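Below: the structure, in structure tokens.
The values are calculated or read from the model by the stated rules, or taken from the named source; none is laboratory data. Owing to the predicted nature of the structure, the values given are computational and were not obtained by experimental measurement. Here Cβ is always computed from backbone atoms with ideal geometry, including for glycine, and neighbour counts include all displayed protein chains.
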Amino acid sequence: MDSRGMAAAMTLGAQGVQLGTRFVAVKESPAHLNYKNAILEANDSDTMIIGRRLMPTRSLKTRFSKQLLELETSGAGIQELMALIGYRSNQKAQVSGDLDHGEAYCGASAGLIKEILPATQVVQELIKGCKQIMTGWHL
């Protein structure tokens, strides 16, 4: 999510890094402001894994995600889970801003995101910081 993580991944041999949550919270993202603000307000324990029996995803802890997890752990069948999820529940949260009734995908790194920046600035800062860190490591 940040230069430190990127430098660590590259040092371990990664060819790239995935920054989905960071790019939700950029100015150019079409995500609803409620979704972006929820990411900004999240701390390191405000995400959870849900959908383990369908398609596991990490999401913000919201009324919706807690309800889905409760249903999963109670032994609900696939059809019951699908009834709660419905059609395009992620759109309800991510596009319409209704975090109580839709899934708000979010990585565990959300606690590190503190402001909505232009995407260009995010990329420039990541690269600059990563280079500075890796230059100091004398590998």
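Hey, could you check the range 1-47 for residues that are aliphatic (A, V, I, L, M) and assigned to a loop (DSSP other than H, G, I, E, B) and say which is surrounded by the fewest Cβ atoms within 10 Å (Cβ to Cβ)?
Within the range 1-47, the first condition is being aliphatic (A, V, I, L, M), and the residues that meet it are 1, 6-10, 12, 14, 17, 19, 24-26, 31, 33, 38-40, 42.
Narrowing the set further to residues that are assigned to a loop (DSSP other than H, G, I, E, B) leaves 1, 12, 14, 17, 19, 25, 31, 42.
Values: MET1: 20, LEU12: 7, ALA14: 11, VAL17: 16, LEU19: 18, ALA25: 23, ALA31: 21, ALA42: 23.
Per the criteria, the residue is LEU12.
Inside the range 80-121, can you point out the residues that are modelled with pLDDT under 90, of a type in the set (Asp, Glu) and over 15 Å from LEU68 (Cβ atoms)?
Hits for the range 80-121: nothing passes.
Among the residues of the range 69-77, is there at least one that is touching a residue at least 24 places away in the same chain (Cβ under 8 Å) and not acidic (Asp, Glu)?
In the first step, residues of the range 69-77 are kept if they are touching a residue at least 24 places away in the same chain (Cβ under 8 Å); the result is none.
Checked against the condition, which is being touching a residue at least 24 places away in the same chain (Cβ under 8 Å) and not acidic (Asp, Glu), the range 69-77 yields no hits at all.
Evaluate the following for ILE50: is it in contact (Cβ under 8 Å) with a residue 40 or more places away in the chain, of a type in the set (A, V, I, L, M), crowded, with 17+ Cβ neighbours inside 10 Å and over 19 Å from LEU112 (Cβ atoms)? Break it down stepwise before answering.
Working: in contact (Cβ under 8 Å) with a residue 40 or more places away in the chain: yes; of a type in the set (A, V, I, L, M): yes; crowded, with 17+ Cβ neighbours inside 10 Å: yes; over 19 Å from LEU112 (Cβ atoms): yes.
Against the criterion (in contact (Cβ under 8 Å) with a residue 40 or more places away in the chain, of a type in the set (A, V, I, L, M), crowded, with 17+ Cβ neighbours inside 10 Å and over 19 Å from LEU112 (Cβ atoms)), ILE50 qualifies.
Suppose the filter is within 14 Å of the chain's Cα centre (by Cα), in contact (Cβ under 8 Å) with a residue 12 or more places away in the chain and either buried (at least 19 other Cβ atoms within 10 Å of the Cβ) or assigned to a loop (DSSP other than H, G, I, E, B) (or both); does SER65 pass it?
Details: within 14 Å of the chain's Cα centre (by Cα): yes; in contact (Cβ under 8 Å) with a residue 12 or more places away in the chain: yes; either buried (at least 19 other Cβ atoms within 10 Å of the Cβ) or assigned to a loop (DSSP other than H, G, I, E, B) (or both): yes.
When the stated conditions are applied, SER65 passes them.
Of the residues that make up the range 77-89, is at least one surrounded by fewer than 16 Cβ atoms within 10 Å (Cβ to Cβ) and either under 17 Å from ALA31 (Cα atoms) or in contact with a Pro (Cβ under 9 Å, 6 or more places away or on another chain) (or both)?
Scanning the range 77-89, I find at least one residue that is surrounded by fewer than 16 Cβ atoms within 10 Å (Cβ to Cβ) and either under 17 Å from ALA31 (Cα atoms) or in contact with a Pro (Cβ under 9 Å, 6 or more places away or on another chain) (or both), so the answer is yes.
Which ones in the range 90-139 are more than 30 Å from ARG63 (Cβ to Cβ), among the charged types (D, E, K, R) and out of contact with any strand residue (DSSP E or B) (no Cβ under 9 Å at 6 or more places or on another chain)?
LYS128, LYS131
Taking the range 68-126 as the region of interest, how many residues are among the hydroxyl-bearing types (Ser, Thr, Tyr) and farther than 18 Å from LEU54 by Cα?
Residues in the range 68-126 being among the hydroxyl-bearing types (Ser, Thr, Tyr) and farther than 18 Å from LEU54 by Cα: 3 in total.
Which numbered condition trips up GLU103, out of (1) surrounded by fewer than 21 Cβ atoms within 10 Å (Cβ to Cβ); (2) assigned to a loop (DSSP other than H, G, I, E, B)?
For GLU103, the exception is condition (1).
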